[in-house]
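These notes concern the structure reproduced below.
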Amino acid sequence: MTSPQSPPPQRVELTLLPIGTRPGDAESGAAAGGCGAGCACGAEGHAGEFDPLECGLDPDLAELLAAAGLDPVQVEDVAHLAVEEDLDNGVDVTTVATVPEDAVATGDFTARQAGTVAGLHVAEAVLSVVCTDDLEVERHVADGDRVEAGQVLLSVTTRTRDLLTAERSALNLLCRLSGIATLTRAWADALEGTPTRVRDTRKTTPGLRALEKYAVRCGGGVNHRMSLSDAALVKDNHVLAAGGVAEAFRRVREEFPGVPVEVEVDRLDQLEEVLAAGADLVLLDNFSPGQVREAVALTAGRAALEASGGLTLDTARSYAETGVDYLAVGGLTHSAPILDIGLDLRQERRD
């Protein structure tokens, strides 16, 4: 949560890439981000290396997204997809009918309940692809901040029609990501003072994995593998197919020698074989806290250990006190309730 001593909100103006245009289109204008050499947007005439920070979004916003570990082009694509789904090749009929075309408004994205915020720059990206006029934002808090009910997170001044058209798409992403960050923060708080960290799984919403795992980081958690290609996780079906734990591990090491290998066990008597094979990390599936404690003692630092299955916030501390390195919690992403955030129109005027 921000304090009375916090710096004043930062007011910035974003250059825009309106919905329905691509970087480099004549109607989008030179100020609308523009394409760099080798842009992946599909426009003709590009050559050279691809620089995601030169494609689409306002360059400063793209830099902020990249600094957070997000791909600006992917965020832009998600923003376009969300808005295009909402418009369904039409227009916002309610807003067009009720709001004068030249009206300008300021809206406040306001927390309706306490929690941890994530996805503010993603919401800005949604706004930037909808807005057809100047877009000015004031950033009152940052991703990862704890906020209270009634606290203003982000203020936006732009054409009223554009603001209302973008409202739900921006809020859907902001509320979803903030809900994940809030739930993750509850787990991180439960583990505070221990070396154990909570981390996510691949149980994410298709197309939103990078954003949802970013929200986990905002909540104080850590990420497991981002995809099937950056780490190996040998589970029971792999063991069955390979003919044994040691054989499954050997095949992965032989085929992909530089990839970290985690092996799942569901009994203590499997642990020594996995450790002897050289596993980097062992997943203890559905172990009780007492069994995890035994596994920590048997492992004696030869590999990292991760507990998974049946974990709850009520039992998190008892698992952490065993000395296990990680708690794997799929619910961080697949079952997090949203954080209730709304958009309040503060003023309306005509230029």
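The values are calculated or read from the model by the stated rules, or taken from the named source; none is laboratory data. The model shown is predicted, which means the values in this text are computed figures rather than measured ones. Every residue, glycine among them, receives a Cβ derived from its backbone with ideal geometry; neighbour counts consider all protein chains shown.
When you scan the range 321-339, do you find a residue that is part of a strand (DSSP E or B), at pLDDT 95 or above and over 25 Å from the mean Cα position of the chain (by Cα), even just one? No, the range 321-339 contains no residue that is part of a strand (DSSP E or B), at pLDDT 95 or above and over 25 Å from the mean Cα position of the chain (by Cα).
Looking at Leu53, Leu65, Leu57, can you tell me which residue is buried (at least 20 other Cβ atoms within 10 Å of the Cβ), at pLDDT below 95 and not hydroxyl-bearing (Ser, Thr, Tyr)? Among Leu53, Leu65, Leu57, only Leu57 is buried (at least 20 other Cβ atoms within 10 Å of the Cβ), at pLDDT below 95 and not hydroxyl-bearing (Ser, Thr, Tyr).
Consider the range 110-135 and keep the residues that are surrounded by fewer than 20 Cβ atoms within 10 Å (Cβ to Cβ) and at pLDDT 95 or above. The one that is farthest from Asp86 (Cα to Cα) is Ala114.
Go through the range 250-264 and give me each residue that's out of contact with any strand residue (DSSP E or B) (no Cβ under 6 Å at 6 or more places or on another chain), in contact (Cβ under 8 Å) with a residue 12 or more places away in the chain and either loosely packed, with under 14 Cβ neighbours inside 10 Å or not in a loop (DSSP other than H, G, I, E, B) (or both). If you could, list the steps in order and put the result at the bottom.
Let us first name the residues in the range 250-264 that are out of contact with any strand residue (DSSP E or B) (no Cβ under 6 Å at 6 or more places or on another chain), namely 250-251, 253-258, 260.
With the extra rule that they be in contact (Cβ under 8 Å) with a residue 12 or more places away in the chain, the set shrinks to 250, 253, 256, 260.
Those that are out of contact with any strand residue (DSSP E or B) (no Cβ under 6 Å at 6 or more places or on another chain), in contact (Cβ under 8 Å) with a residue 12 or more places away in the chain and either loosely packed, with under 14 Cβ neighbours inside 10 Å or not in a loop (DSSP other than H, G, I, E, B) (or both): Arg250, Arg253, Phe256.
Check whether at least one residue in the range 92-109 is of a type in the set (S, T, N, Q), surrounded by fewer than 18 Cβ atoms within 10 Å (Cβ to Cβ), in contact (Cβ under 8 Å) with a residue 12 or more places away in the chain and in a loop (DSSP other than H, G, I, E, B), and report yes or no. No: the range 92-109 contains no residue that is of a type in the set (S, T, N, Q), surrounded by fewer than 18 Cβ atoms within 10 Å (Cβ to Cβ), in contact (Cβ under 8 Å) with a residue 12 or more places away in the chain and in a loop (DSSP other than H, G, I, E, B).
The condition (being outside the structural domain of Gly144 (by TED's automatic domain parsing), out of contact with any helix residue (DSSP H, G or I) (no Cβ under 8 Å at 6 or more places or on another chain), modelled with pLDDT of 95 or more and of a type outside the set (Phe, Trp, Tyr)) is satisfied by just one residue among Arg217, Arg197, Arg202, Arg225: Arg217. Only one of the numbered conditions (1) over 19 Å from the mean Cα position of the chain (by Cα); (2) within 18 Å of Ile341 (Cβ to Cβ); (3) buried (at least 22 other Cβ atoms within 10 Å of the Cβ) is violated by Glu138, and that is (3).
Return yes when Gly323 is in the same structural domain as Arg199 (by TED's automatic domain parsing) and loosely packed, with under 15 Cβ neighbours inside 10 Å and no when it is not. Steps first, please.
Working: in the same structural domain as Arg199 (by TED's automatic domain parsing): yes; loosely packed, with under 15 Cβ neighbours inside 10 Å: no.
Spelling it out, it is not the case that Gly323 is in the same structural domain as Arg199 (by TED's automatic domain parsing) and loosely packed, with under 15 Cβ neighbours inside 10 Å.
Could you tell me which residue of the range 297-312 is surrounded by the fewest Cβ atoms within 10 Å (Cβ to Cβ), considering only residues that are aliphatic (A, V, I, L, M) and closer than 15 Å to Arg197 by Cα? Ranking the candidates gives Ala304 first. Applying the criterion of being in contact with a helix residue (DSSP H, G or I) (Cβ under 6 Å, 6 or more places away or on another chain) and of a type in the set (Ser, Thr, Tyr) to the residues of the range 141-186, the residue that is surrounded by the most Cβ atoms within 10 Å (Cβ to Cβ) is Thr184.
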